[in-house]
Amino acid sequence: MRQLIVLLCTGGILASLSACGAKPDADRATGELRMSMQGSNDDPAVVKRRDAYQKYLGEVTGRPVKLYEASDYNGVIQALASGQVDVATLAGGGYANADAQVGNKVAPILTTRRADGGTGYYSALIVKADSPFRSIKDLKGRSLGYVDFNSTSGYLYPRAKMRAAGIDPEPYFSKTAFAGGHTQAVMSLANGQFDATFVQVSGGDPEHGFTTGAVYTMARRGLVDAKDFRTIWVVGPVPDTSIVVRTDRPQSQIDIVRGAMAALAYDQPDLWIDIGQPAGSEYTAIDRHHYAEVIALRNADIAQRRLGPNDKGAPK
């Protein structure tokens, strides 16, 4: 394992670190490694992945890994932006938020690349299967649930695509609210709190359908029946979640984290699948450019909300 990590750390997969704004540092011990992941403690899939990363990084680095738990997206963002943690997992919208706060003090270094070469997922607008809604046009004047303000697939990306389709989200729906997470969004829809909601889907494409995402994960846990929901609109692909680091940490620490995580799919393939990563996938190197579109969409959405839907100068 360690031989593979050394090769990765000295090879091309680490060549883009300097572009992320990382500063070379002398190789020195830094004590514990601090990590944060977003997710609810009542979601066994999240807990399993979080615990696996903590144990694996501890074994590889030889340092204790302290886990800072966050129940929402903003908790991870603030922990990373404030320097409370060294490494975190963040979706594109969360990274765009951190980037706006502290710039190149944080940088994405790895994201999942599937066997087909894709590095993204999709945002699906879902309704209850027994509802009369067949398209987004049918939802005018109805209620809509978003996942979280910092969610890429559950807020930022679909709002941008709605505007591109000529739909201004603010006046179009009678009520909008944040559910707090993908699981909560599905449950809120199931309980009749919304007429529709956006959730993440993957493991397929709009033409052939999907096999993974919040609804499917919850269905496997027996919380819902996937047949009770219907997808009526899909946008994407959305750039996938990434491993993000503080670039003001010692270069040796950044290198070993990147090398270790990049080796995980090969070093422990059974664990890779067990924590929910797609078969045949791997971590691949990225930098800030991977999220250029998401950063631009976030800036545009903020500008739109500041102007308000009735402002004639608001971007369409």
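What to note about this one:
- Here Ala79, Ala91, Ala70, Ala100 are screened, and the one residue that is crowded, with 16+ Cβ neighbours inside 10 Å and more than 14 Å from Val244 (Cα to Cα) is Ala70.
- Members of segment 194-225 found to be in a helix (DSSP H, G or I) and either in the same structural domain as Val47 (by TED's automatic domain parsing) or touching a residue at least 40 places away in the same chain (Cβ under 8 Å) (or both), listed by number: Val215, Thr217
- The requirement of being in a strand (DSSP E or B) and either in the same structural domain as Thr217 (by TED's automatic domain parsing) or in contact (Cβ under 8 Å) with a residue 12 or more places away in the chain (or both) is not satisfied by Tyr266.
- Of the residues in segment 175-182, at least one is surrounded by fewer than 18 Cβ atoms within 10 Å (Cβ to Cβ), of a type in the set (Ser, Thr, Tyr) and within 26 Å of Gln38 (Cβ to Cβ).
- Strands (runs of 3 or more DSSP E) enclosed by segment 77-193 - at least 3 residues per element that are within 28 Å of Asp255 (Cβ to Cβ): 87-90, 106-113
- Close Cβ contacts (under 8 Å, 6 or more residues apart or on different chains) running from residues in segment 83-108 that are without any contact (Cβ under 8 Å) to a residue 60 or more places away in the chain to residues that are surrounded by fewer than 18 Cβ atoms within 10 Å (Cβ to Cβ) and among the aromatic types (Phe, Trp, Tyr) comprise Gln84/Tyr68.
The values are calculated or read from the model by the stated rules, or taken from the named source; none is laboratory data. Model, not experiment: these values are computed from the prediction. Positions of Cβ are generated from backbone atoms using ideal geometry, with glycine treated the same way; all protein chains shown enter the neighbour counts.
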